[in-house]
Amino acid sequence: MAPKFQADYPGAVAAFKGEACAVLDDCRERMLHALTQIGESDLWWRPNPAMNAPANVVLHVCGNLRQWIIVGCDPEQALPDERDRPGEFAATGGFALEGLADKLTQTIDEAKATIRRLNKDHLLAPRHIQIGDVTGMGAVWHSVSHLEGHTQELIYIARLRRGEDYRFKDAY
């Protein structure tokens, strides 16, 4: 007896990859917009010692994208996982605004390149990343949604620091 559902949707893999890459692009633009409004002087500002500065947020999402997509979904499984997650939060300097923007842009470009190389088998293959077992699709989904959440956090920090001077990105 044939299943009552279609198990392989033509175009679904391409659509999933396209949507993931589009969200990565959108988040990059929104984060860069917020960073330029935060500016150099507030890049390492923390509301209190237990919270993250805008720069820590960017370092953290770059570490997550690298671990979960670039390394975790690498079709050749050749890249080592060298993430220093505690270091992302502990950093108190080391990047200026331009360097941080470049790091974010390069990391997102690498994540998109990895996503584009994935096929259905890669997306369905089990992987162990950070703390658990996921499929390739689950790893991409996790990391992209994680980036969306931190994008909003960065926008909130920029609005908090700039107050009435904050300007929303033209696309809104």
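The numbers here are math on the coordinates, done by the rules we state, and not lab data. Keep in mind that this is a model prediction, so the values were computed, not measured. Please note: Cβ atoms are built from the backbone with ideal geometry, for glycine as well, and neighbour counts cover all protein chains shown.
Lys-Lys pairs in the chain that are eight or more residues apart or on separate chains and whose Cα atoms lie under 24 Å of each other come to 8.
Placing +1 on the Cβ of every Lys and Arg and -1 on the Cβ of every Asp and Glu, with no other charges, gives the chain a dipole of roughly 300 debye about its Cα centre.
For the chain, the 222 nm mean residue ellipticity estimated from helices alone, with every DSSP H stretch of n ≥ 4 adding -39500 (n - 2.57) and the total spread over all residues, rounds to -19000 deg cm²/dmol. When peptides 36-48, 108-120, 60-72 are sorted by average Cβ neighbour count within 10 Å, with the highest value leading, the order is 60-72, 108-120, 36-48.
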